[in-house]
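The values are calculated or read from the model by the stated rules, or taken from the named source; none is laboratory data. Treat the numbers as computed from the prediction; the structure is a model and nothing was measured. Here the Cβ positions follow ideal geometry from the backbone for every residue, glycine too, while neighbour counts run over all protein chains shown.
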Amino acid sequence: MASAAARGRRCRGVVLLLLLASVLAPLVLYGGSPVSPLPDSTVARGVLDREDESNLVWPQVVAASDVSLAKDLTIERLGEHKNRVLSATEDWQVVEAASKNLAFEKSDASVLMKDPGSGDADAVITEGNGGAQSGQDGVIREVVSRNRDADGFSEPGEINRAEERAGEMIKEIKLDASEEGQNDEADETGVNNIAGMHTTGSLDSSLRKERVTDRLPEQVTKSNPKESYTRASDSNSALPTTTGSAGHSTTSPDATIRTIKDQLIRAKTYLSLVASRGNHGFARELRARTRDIQRVLGDATSGGQLPQNVHGKIRAMEQTLGKVKRIHDSCSGAVNRLRATLHSTEERIQSHKKEANYLAQVAAKSLPKGFHCLPLRLTNEYYLTNSNNKNFPHKEKLEDPKLHHYALFSDNVLAAAVVVNSTIVHAKKPADHVFHIVTDRLNYAAMKMWFLANPLGEAAIQVQNIEEFTWLNSTYSPVMKQLKSQSMIDYYFKNGHARHDENPKFRNPKYLSILNHLRFYLPEIFPKLSKVLFLDDDTVVQQDLSVIWSIDLKGKVNGAVETCGETFHRFDKYLNFSNPLIANNFDPHACGWAYGMNMFDLSEWRKQKITDVYHNWQKLNENRLLWKLGTLPAGLVTFWNRTFPLDHSWHQLGLGYNPNINEKDIRRASVIHYNGNLKPWLEIGLARYRKYWSKYVNFDQVFLRDCNINP
């Protein structure tokens, strides 16, 4: 700063010397003729009118009548030179301020300044590494050039013509500068509107003067083709960021960051569309611009953290986005493509849903390795056991109608064990409870060995083999005849007979097992009993069930919990009401009910001949036109108007598929039911409900340890 001040003092000294030379030169030229002083009004009129810089008010000399022609010319020259020096001094102040700013710019920038009134092409100043010093030297040379032209013995007429041309040129430059200012403001608004922003602030008078000063050499060059100049300009000059001397930003730093983020969002959107259409050239360019703008943004959170070339990157990205937008199709084309994509996506979703449903069915019916090991281990132990130890105690209780009898049909040893154990644990009088288990031939030895190895104390138990029910044959039971038919076997085991829209759960081979249909033959299985509580093997008893035997069923055969809640369905969800046989005999809005815990009055069953009703409906549904396979639809039609609704607290459903059951409802329920695919003994079972089942399993039992069955 000290060196700059010293240079300024030297320049002012040179200007004063030139002023002295301009005063002494006419005296020497005209032989020392006396010169009268200039009036103050003349000097005042010799400077730029500050109200209108486009008008130059040139001096008028007031001379005495008795002064000679030489004296008049001398006075006129003196006024002209003085005014030129004053004008040059003002120009120096403007350029000196610019030179201070240029000192902080890049060292390799070059600036050219010319005298608008000079025709000499040699007055070219190029600024290099010493930018500030060169700028000051250029001003000195400019003033010298002006005075040399004015003092070069030119005629007054030529000087006046040059000054008139200069005045017209300045007017033209100011007009162009005004238009440029308007265009720049419009461009700034357009650029900012791209990002949905508005600029704040306006350019003050100093910035307008700087634009006029910058345009002046350019107009001079156009007027004289022989002259040329170069001027340094930063790449960011197209987007002004300062408002003159005040230094306030016209574009908010946060707005600049928002502009960049908006461009990135648009670029990603266009990139997916352009790439899908095969415009790889535009895609590469857009990716490159995106990388550039991301590097510029970096981790910046304010405008002060952005690099200097940020506006150039923004402008380049905007140009690329504009090109991509021009080649893109109309909205109708985009809508059509989106519709096609949506349709294709929906088809894939449906396909994946079917596949997931099928895999869920496979997982639900696939037993873990330990559950395969357990019946084999138990069967082997059963045949190694002495025949004298293969009988259960308390045989006299098996046909006593005064006791509480349970019917359980299962081929899962561990599941049946949980049902029996949980019932006895909560029974107030275990001696009054009798369990009747029916299983198939493969699991008979294993089931019997489990309860021989884990006796029930005072409670009685019976394990039966379904093969021993010789009365249950295809001659007596229509369902037995249907299950053994070739068409039924093909339906279950040959995929070609399945429709694409059919739920795979209806093709589960478990429906081929007669165990699922034994519930319709309870009077035949227990001919001497009057009441039986039927339990599924995926249930857990949590309270004493003795009270349920005292409930009056009001002449109904079946006591069950109705399922008219939000997650369950009514008759129209199970039966085909497009068939007249169904539509004429049942109400589609009637409440369904649940199997799993049912109190059956066998006396009323025999009286109302329910088994014959069941056989009749099975014959009508031989082609599966009334309902799909399963025991619940058959139960709905068989026990229509013969079902007594029990309180919902007796039977809590949904633990095999619904993860949102209220814990209070589970704890207060007498029986909880894991109906669904997510059984508690499977890995896919709901973990939050597994504890209610596993606490009735003794995992320290030797057979479970041998088969590696763990909690």
Please verify whether ASP329 is under 29 Å from the mean Cα position of the chain (by Cα), modelled with pLDDT under 85 and loosely packed, with under 10 Cβ neighbours inside 10 Å, treating the condition exactly as stated. no
Failed condition for GLY298, given (1) within 30 Å of CYS707 (Cβ to Cβ); (2) exposed (fewer than 14 other Cβ atoms within 10 Å of the Cβ), with all others met? (1)
Please find, among ILE666, ILE672, the residue that is surrounded by fewer than 20 Cβ atoms within 10 Å (Cβ to Cβ) and touching a residue at least 12 places away in the same chain (Cβ under 8 Å). ILE666
Whichever residue in region 421-432 is in contact (Cβ under 8 Å) with a residue 40 or more places away in the chain and closer than 16 Å to LYS397 by Cα and, among such residues, is nearest to the chain's Cα centre (by Cα): LYS429
Would region 391-407 turn up any residue that is within 51 Å of the chain's Cα centre (by Cα) and under 22 Å from TYR692 (Cβ atoms)? no
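This table checks each residue for (1) buried (at least 17 other Cβ atoms within 10 Å of the Cβ); (2) at pLDDT 95 or above; (3) among the polar types (S, T, N, Q).
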residue	(1), (2), (3)
HIS436	yes, yes, no
MET447	yes, yes, no
GLU468	no, no, no
TRP471	no, no, no
SER474	no, no, yes
LYS494	no, no, no
Test result for PRO680, buried (at least 16 other Cβ atoms within 10 Å of the Cβ), touching a Phe, Trp or Tyr at 6+ places or on another chain (Cβ under 7 Å) and of a type outside the set (Lys, Arg): yes
Would you mind finding the one in THR345, THR341, THR320 that is of a type in the set (S, T, N, Q), closer than 20 Å to HIS280 by Cα and modelled with pLDDT of 80 or more? THR320
Can you name the condition, by its number, that ASN473 falls short on among (1) within 30 Å of LEU384 (Cα to Cα); (2) without any contact (Cβ under 8 Å) to a residue 12 or more places away in the chain? (1)
Candidates ARG348, ARG377, filtered to the one that is among the basic types (Lys, Arg) and in contact with a helix residue (DSSP H, G or I) (Cβ under 6 Å, 6 or more places away or on another chain): ARG377
Does THR638 count as crowded, with 19+ Cβ neighbours inside 10 Å, closer than 22 Å to PHE571 by Cα and in contact with a helix residue (DSSP H, G or I) (Cβ under 7 Å, 6 or more places away or on another chain)? yes
Quick one: which residue in TYR657, TYR674 is under 27 Å from ILE551 (Cα atoms), of a type in the set (Ser, Thr, Tyr), in the same structural domain as ALA590 (by TED's automatic domain parsing) and within 42 Å of the chain's Cα centre (by Cα)? TYR674
